[in-house]
Every structure is written in structure tokens, then in C-alpha cells.
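No lab work stands behind these numbers, since they all come straight from the coordinates. Quick caveat, the model's predicted, so the values are computed rather than measured. Don't worry about glycine lacking a Cβ; one is built from the backbone with ideal geometry, like all the others, and counts go over all protein chains shown.
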Amino acid sequence: MQEISQSLSLAVALITSLDSTLLSIAGLSLRVSGIAVLAAALLALPFGAWLALARFPGRQGVIAVLNGMMGLPPVVVGLLVYLMLSRAGPLGPLGILFTPAAMMIAQALLIFPIIAALARQVIEDAWGEYREQLVSLNASRAQCMRALLWDMRFTLTTAVLAGFGRAIAEVGAVMIVGGNIDGVTRLMTTAIALETSKGDLPLALALGVVLITMVITINLAAQWVKSTAVKNHG
Amino acid sequence: MADAKILPLAVVGLGFRVGDINVLDGATFDIAPGSRNIVLGPNGAGKSVMLRLLHGLLTPTSGRVGWSNPDALAVRRAQAMVFQRPVMLRRSARENVEFALHVAGVRNVRNAADLALDRAGLMRLADRPARLCSGGEQQRIALARAWALQPEVLFLDEPTASLDPAATNAIEEAVNAMHRAGTTIIMTTHDLGQARRLADRVLFLNHGRLVEDAPAVSFFAQPTSPDAAAFIRGELLW
Ligand SMILES: Nc1ncnc2c1ncn2[C@@H]1O[C@H](COP(=O)(O)OP(=O)(O)O)[C@@H](O)[C@H]1O
Ligand SMILES: [Mg+2]
């Protein structure tokens, strides 16, 4: 008990003094997950919209697989990306294993299905409501997709934020492809895992507090986006 | 308005069958330019289905919708439709009109949109998020949006079914204004009063059948079918 309270006060001190290790780890986490979520969203939103409007044999299967992939185990994604990027792998020549880039790729792959699946559902529901009007206006398929994505922008923002929340809190994939190298690929989650096992609880706790604060902030932001959207746009 | 006209319209044996049910059963009629055609009938008669078939939102299972222009794109572009429940994009009223104009390939959408809103008396709503407008306002915006496209033919599917008398009146006035500007009107209603106010010609539909097709004056004065006579007397048809 004594040890925990002591660790906690040390953790608070780390945070309030803006400890440089703490800041650089948190900063790298934000950067990696931020870029991963941007890249994933850029691909997943159009893909989700396309899948919502497209009709082709096997579509239900694609949707089922996509929905299933929302729950991909991060360690498995990490393993796959590791195999791709390892020296013998097809992307080995890039030489980016154990770099932040590798972690971005792993996280982007992890959250692509989340954003795409949510976008598909959201856009398909909206399509049901808008279809006849948009067809009546002679909107092309691409114009329909763009209009729907823009119309559902607030709901989709919350989907993207959900993806970001999952990315930044994930440990398995980045541990495998990043290697948790001090000052290079050490993120909040991997640092927490390491420091805890080493018995350095203050830094682990401080990072945990920062991480939880970020995740809560993301959820608050998502809620705020939704409620102001309904109020201001209907 | 498109250069090459798409009217007159010749509808021949138009049918829509779902399973064993004839939702629309072989309707044959013509639509002449400049007329106000009211498709009248009780709920479930097949009015909405017929309008969707004419507008190309549904594919007929029999018969044909014969526009007098072979160019499919010209035919599409010369029509607009106002639905029973207005569909507003999550944007301002003006941007809703601008979107329709943009899709139609109009260059200066801002001017054309403002013109359409002004004509419909809706300038005060221009910057309002369309989805926050009342049902009546949204329907008027939908009509302004259709009007902005300057269609040769305007379809309206019970546009006032869920509106109060004031909003209904505003819609009817706008429909008449569009008609005066040369637009051909094809509108459904189950409301006898509205049919009396607006119709030049009545197409009376019951149980998927085009029971009667007559000029409005003679339809209301001397309906030739027992079904239409019963409907005019206010007796429900089943
Ligand atoms: N796509 C469809 N499939 C099966 N039945 C339909 C379909 N569309 C309409 N119907 C049925 O056809 C009948 C006529 O519908 P509708 O045209 O909407 O009537 P109205 O507009 O005159 O009230 C209704 O009984 C309706 O349930
Ligand atoms: Mg109807």
C-alpha cells in the first residue's frame, strides 16, 4: 500500500514537472497513432462508402469479413506486419521494421476495418433514406458517395475517433513490429508494460494516467461532436 | 430547360407486379405538355408506385413509359420529383439547392439557388440548416430545389400529406406558379379538395387500376365509374 501511494505521488510529480521522458513517449504515441488513424481514415471512409452503395456477388461475405476484422487481435496484426517487413519478407527491402513507420502501418491495419465497417453501416443507412432523392437528381455514384460522406461527417468523425482510441491504447502490435526501443519506438503502452515488469511503477503509472486521460478526452470529444451536430445540423 | 422536349409522354400498358400482386395493372394514358395532371385515389391504390415508374425510380414489369425524346440523359434531366417526405441534406437550405444545381451541371450555382429560393419566398431560410427547418419549410425547400432545375415535368408524390393548411397552401401556390411558368405537373393526392383545386385532369386509380381518366371538370361533375363516384361522395373504397 505504502509502495503504491509513494509511486502515485512520484507519478504525479513526473506529470506536473513535464518529465522529458514522459513527454517524448507520449508525443511519439500521439504521432504514431495520429498518422495511423489519418492514413486508415483516408482509405477506409471511401472504401466503406463504396461498399455501402456497391452491389456485387459476394458482397455480404465481404461485409461479414470486414465486420469480423473489427476485432482483430493486435498481436496477430503485429505478427503479419512483422512477417511482411522482416528481412526475408516481401517488404523487407524497405528496412522499416522496428521503426515508428512499422508501428504506424500495424496500427493503420488494425483500425482500417473499424473505420471502414462503421462507415459502411452509417453510409448504407443514410443511402436508404437518400437514395431516391439522389437518383432523382441524377447524381452519379461518385457524387452520391461524396454527398453521403459529407452528410454523415459527424457520425463518421466519431468512428474515426473510436479508431484512434483503439490505436493509442493497443500494445501487442506495436510491441512486435516496433520492438519497444528506448527513445525510438517506445510508446506509452509498451513503456507501461516494460516499466511495470522492471518494477519502475512511477513512470508506468504516470504514463497510465496520461493514456487514460487521452482516451477519456477522445470519448468526450466524440460525444461532443455528436451532440453539437444534432443541435446545429439536425 | 432542355432544348429538346421530352413531352408528350405516352404510357402504354404500364404494370408493376410483385409476386402475385399487381401493384399497378396495365395503365395506358398520355401526358400533354403544360397540363396539371392529378393522380387521385385512396391509400394503397398504387399512386406512388406509378409516379416512381414514370420518373424512372422503379422499372416496370410490363408496358412502357414512352417519352418523345430518344436521348435518355435529356429525359432524366428534364424531370424533377418532390417526395412525400422531403429529403434534406445536412447543409443549409441554400446549399441543398446548390447541390442539385451542381449535379445538374449548372455553373453559377449560387445565383441560380438564390433565384429559386427567392421565387419560393424562402430567402430568410437560405442559411438555416435545412434539417432544422419545419416539415412545411423543408417541403417548400424541396420544391424550390426542384424548381431551380427548371424541369419540363415535375412529379410530386403527396407533397402536402403531412403538412398543415398554411404550408399546404404555400406548396399549392408554388406548384401553380411553376405550372404558369410552363412546367407540366404530375402529382398524386388522396385529398379530394386538393384535386379540385389543382387538377386540369384527373387520373383516378384504385386497387392498381386506372379506373378513370377525365378532365377535372367532368370527373367531379359526372364520374363515369361507380368507384370514382363513391370516392367523390367520400365513401371509402376497399
Ligand atoms: N416494392 C413493392 N413491393 C411490394 N409491394 C409494394 C411495393 N411498393 C408498393 N407496394 C404495395 O403496393 C400498393 C400500392 O402502394 P403505393 O403506390 O405506395 O400506394 P399509394 O401511393 O396509392 O398509397 C400498396 O399495397 C403497397 O404496399
Ligand atoms: Mg403514396
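The mean of 1/r over all pairs of different alpha-carbon atoms in region B:79-150, once inverted, gives a Kirkwood hydrodynamic radius of 11.6 Å. Can you classify region A:1-50 as rounded, prolate or oblate using the Cα gyration tensor, where a ≥ b ≥ c are the square roots of its eigenvalues, rounded means a/c under 1.5, and otherwise it's prolate if a/b beats b/c and oblate if not? Verdict is prolate for region A:1-50. When all alpha carbon pairs of region B:128-190 are counted in 5 Å bins from zero, the resulting P(r) reads 4, 18, 29, 27, 15, 6, 1 %.
Working from label points 7 Å from Cα in the Cα-to-Cβ sense, the A:Trp150 to A:Lys226 distance is 2.5 nm. Using the alpha carbons alone, the radius of gyration of the protein assembly as shown stands to its Kirkwood radius in an Rg to Rh ratio of 1.15. Counting only alpha carbon atoms, the long axis of helix A:153-169 and the longest principal axis of chain A meet at about 30°.
Judged by the ratio a/c of the largest to the smallest principal axis of the C-alpha gyration tensor, region B:88-197 counts as oblate, that ratio being 1.5 or greater while a/b is no larger than b/c.
Scoring B:163-171, A:96-104, A:172-180 by mean Cβ neighbours within 10 Å over their residues and listing the highest first yields A:172-180, A:96-104, B:163-171. Run through the DSSP bridge list for chain B and note the antiparallel percent, rounded to the nearest 5. Within chain B, antiparallel bridges account for around 50 percent of the total. For chain A, the longest principal axis of the Cα atoms and the long axis of helix A:20-53 meet at an angle of about 20 degrees.
If one computes P(r) from the Cα atoms of region A:163-234, what percent of pairs lie at distances over 17 Å? Write down the numbers at each step before the final one.
Values: 1343 of 2556 pairs.
Roughly 53 percent, once rounded to a whole number.
The relative contact order of chain B comes to 27 percent, based on Cα pairs under 8 Å that sit 6 or more residues apart.
Provide the percentage of antiparallel DSSP beta bridges, counting only those with both residues in the protein assembly as shown; round to the nearest 5. Please report the intermediate quantities before stating the final value.
Details: 19 of 37 bridges.
Among the beta bridges of the protein assembly as shown, antiparallel pairing accounts for roughly 50 percent.
Work out how much length B:Arg85 to B:Asp164 would gain on full extension: take 0.36 nm times their residue separation and subtract the Cα-Cα distance, in nm to one decimal. List each step's numbers first, then the result.
Working: separation 79, 0.36 × 79 = 28.44 nm, distance 1.39 nm.
So the extension gain works out to 27.0 nm.
Packing around the peptides B:109-119, B:84-94, taken as the average count of other Cβ atoms within 10 Å per residue, puts them in this order, highest first: B:84-94, B:109-119. Entry note: region B:144-238 has Rg to Rh equal to 0.98, where both radii use alpha-carbon atoms and Rh is the Kirkwood radius. Ranking B:Asn22, B:Gly41, B:Leu101 by how far each Cα lies toward the positive end of the dipole of region B:1-138 (charges on Cβ) leaves B:Leu101 at the top. Using the empirical formula 2.2 N^0.38 Å as the baseline, the Cα radius of gyration of region A:77-140 reaches a ratio of 1.79. Across peptide A:127-137, the average count of Cβ atoms from other chains found within 10 Å of a residue's Cβ is 6.
Hey, could you grab the Kirkwood Rh for region A:27-189? Inverse mean 1/r over distinct alpha carbon pairs, Å, one decimal. Working shown, then result.
On the way: mean 1/r = 0.0600 Å⁻¹.
Final number for the Kirkwood radius of region A:27-189 is 16.7 Å.
Contact order for chain A, expressed relative to its length and based on alpha carbon pairs under 8 Å spaced 6+ residues apart, stands at 31 percent. Working note: 222 nm ellipticity from helices only, DSSP H runs with n ≥ 4, each -39,500 (n - 2.57), summed and divided by the residues of the protein assembly as shown, gives -19000 deg cm²/dmol to the nearest 500.
Rank the residues B:Asp191, B:Asp25 as a footprinting-exposure proxy: fewest other Cβ atoms within 10 Å of their Cβ go first.
B:Asp191, B:Asp25
Only aspartates and glutamates eight or more places from B:Lys5 in sequence, or on another chain, were considered; those with a Cα closer than 14 Å are B:Asp71, B:Glu152.
The share of Cα pairs per 5 Å bin across chain B, counted from zero up to the longest distance, runs 1, 7, 14, 18, 19, 16, 12, 7, 4, 1, 0 percent.
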